[in-house]
Amino acid sequence: MPPTKPTIFPSDASYPFNKTNTDIILRSSDHVDFRVYSQILIAASPFFEVMFGVPQPPPEEQHRRHGLSIVEVSEDSATLDALLRVCYPIIKPDAPSTLKTIETALGAAMKYEIELAIEHFTNALTSLAYEHPIPVWAIGCRLELEELARHAAQLLNNAFQQGEEASPFDDILLSSPDTFTGVTAAQYFRLLQFMQDPEPSDLCTLLSPSAADANSVPTSRYYEPFPLVHTEDMPATDIACLSSDGAVVRAHQAVLSAASPVLRSRIAATSANTSTPPEVLVDSPLPFVQRASSEERSLSPVLPSKEPIQVLTSIVRCCYPNYIIPRPSDLRELVTLINAADRYGITIALPALLDHWSSEVREQDALEAYFVAIQVGNVACAKVAATYLLKTVIEGRYVQDMESSPAISYHKLLAYHRTCARIAQLRLDRLWNTLALPSASNLKYPALQDSCDWLRRYTSEIRSAVEPRPHFSRLPTLRDVLVASIETEVDPWCSACKELVRDILQLGDGYGELVKEIMEVSP
């Protein structure tokens, strides 16, 4: 017998929402009853005017307390109290003490179409934006209030242009981690672009993409997957894997059981039940998908799955040893398959799938790959894309997947990029300080001044190149430094030394080729 839920007794709201001559009760989500006058609600809100105009069931069929009908609302008592006090003909209170309460009250006012309350709480947030511009901008994003978000963004822009706060977001998120909740990466991107412009255009929107961004096309490509073909010496299939959309992939119980402990346990539970579940008839373009007849399906167990046919087919394929693992180039499909392989414990397929992901990140747009991985929920794949993005400049770049990704993921990506750049700069500065480059006055041979000057310039150029793209591939090897030194117009070497450098490079290349040739010899 299931346990009974404890009875929750409602409490009464404070004055003036506890009067006994009212005609309706609004019950908050935390079970506080507000006795109110329906005529005041009707005058203030078209929403309540329509609701109260709908014929009501007889009193004996209504949920009542104190003889009054009860209307349950989704707002808590603090939000409802703040909203109703604005509607009532009483002295208007100051705005609630917390931004969260003002936000929920404004959201409720918009929901119930109470214009007076909308204006009241919007004005309160407009004033608070001078002290809390980032939280108010985030509220504007969540409530889809372009003017409020732009007002807060303009205050941020003014402070940024004056150099007051170069990067205010880290401190805000440290003290209030939920500030970005409900804000998209694209909205955060547009705010950062807005702050970079000393005179933002009135046509610039913060909540919706520009026409150019809205028309941008994702870079993901798609190839037809290989058909699942069983060789002649392979025994007949003995289990039907049923996808969530009703298509069937026939396979071998032994193969699935050996590859996946999760499938093994499900097959063991399914084998005892060969009943025929309903099948949705779908037209699949995949040659390896078939809809089995009722007779065929009754002859072997049916293994139901929550995966769609594209994912299920790839999962089955991954279970077969030495079989070519599919390589879907659609980023979302690939990372979804990686998640599924991990969830089913198909360890034989995961290394190859992760290699495929790394390859696609290199061949496609790594920024798009990062946000796709974030949306699907694969942190490891997102980290691979984030690392590859160190090779590029990400500030000012936009992809459509940012519109449906959380702002905090974009903030973390930017912070990771800045941290790596800062580490690279500090290490390069430390390396520079270790160089024994004498000044011109201390040179025994003045001709060496050109060599010292060239090395200073070269090191400075490397530092500048690493700052926006702090990937290790941007750092030169010793060979790169030597090649640059003999190819520069300002020759830092005397003719004899230059030839010696060429010989050193030639020897290094020759040794490398020799090692490669030896490694290619079969034992």
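The values are calculated or read from the model by the stated rules, or taken from the named source; none is laboratory data. For clarity, every value in this text was computed on a predicted model and none was experimentally measured. Virtual Cβ from ideal backbone geometry, glycine too; neighbours counted across all protein chains shown. Surface accessibility is based on the protein's heavy atoms, side chains included, excluding ligands, DNA and RNA. Shrake-Rupley method; radii C 1.70, N 1.55, O 1.52, S 1.80 Å.
Numbers at a glance
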item	result
Amide proton proximity set for residue 303, modelled H, under 5 Å, gap of 5+	240, 241, 242
Dipole of the stretch 326-413, positive end: most advanced residue of 398, 378, 361 [Cβ charges, Cα centre]	378
Full-extension gain in nm, residue 500 to residue 306, via 0.36 nm per residue minus C-alpha separation	63.1 nm
Carbon + sulfur, % of accessible area of the stretch 74-199 - ligands and nucleic acids excluded, 1.4 Å	52
Surrounding net charge for residue 256, when Lys and Arg each add one and Asp and Glu each subtract one, Cβ distance under 12 Å	+3
Residue-wise HN-Hα coupling along the stretch 389-404, computed from phi with Karplus coefficients 6.51, -1.76, 1.60 (Hz; x: Gly, Pro)	5, 5, 7, 10, 8, 9, 4, x, 9, 10, 9, 4, 5, 5, 5, 10
Summed side-chain charge close to residue 11 - residues other than residue 11 whose Cβ falls under 14 Å, Lys, Arg +1, Asp, Glu -1	-2
Segments 409-415, 122-128, 169-175 sorted - mean Cβ within 10 Å per residue, highest first	409-415, 122-128, 169-175
In sequence order, calculated HN-Hα J values of the stretch 425-430 (Karplus, 6.51, -1.76, 1.60; Hz; x Gly/Pro)	5, 5, 5, 5, 5, 5
Cβ-derived FRET efficiency at R0 35 Å, residue 204 paired with residue 88, nearest 0.05	0.30
Local electrostatic count at residue 207 - Lys and Arg +1, Asp and Glu -1, tallied over other residues with Cβ under 12 Å	-1
J(HN,Hα) series, the stretch 241-248, from Karplus relation 6.51 cos²θ - 1.76 cosθ + 1.60, nearest Hz, glycine and proline x	8, 9, 7, 5, 9, x, 8, 10
Residues with amide H under 5 Å from that of residue 12, placed H, sequence gap 5 or more	33
Placed amide H near residue 184: partners under 5 Å, 5+ positions off or other chain	407
Inter-label distance for residue 433 and residue 127, nm, one decimal - labels placed 7 Å from Cα along Cα-to-Cβ	5.1
Net length gained if the chain between residue 158 and residue 423 were fully extended (0.36 nm per residue, minus Cα distance)	92.4 nm
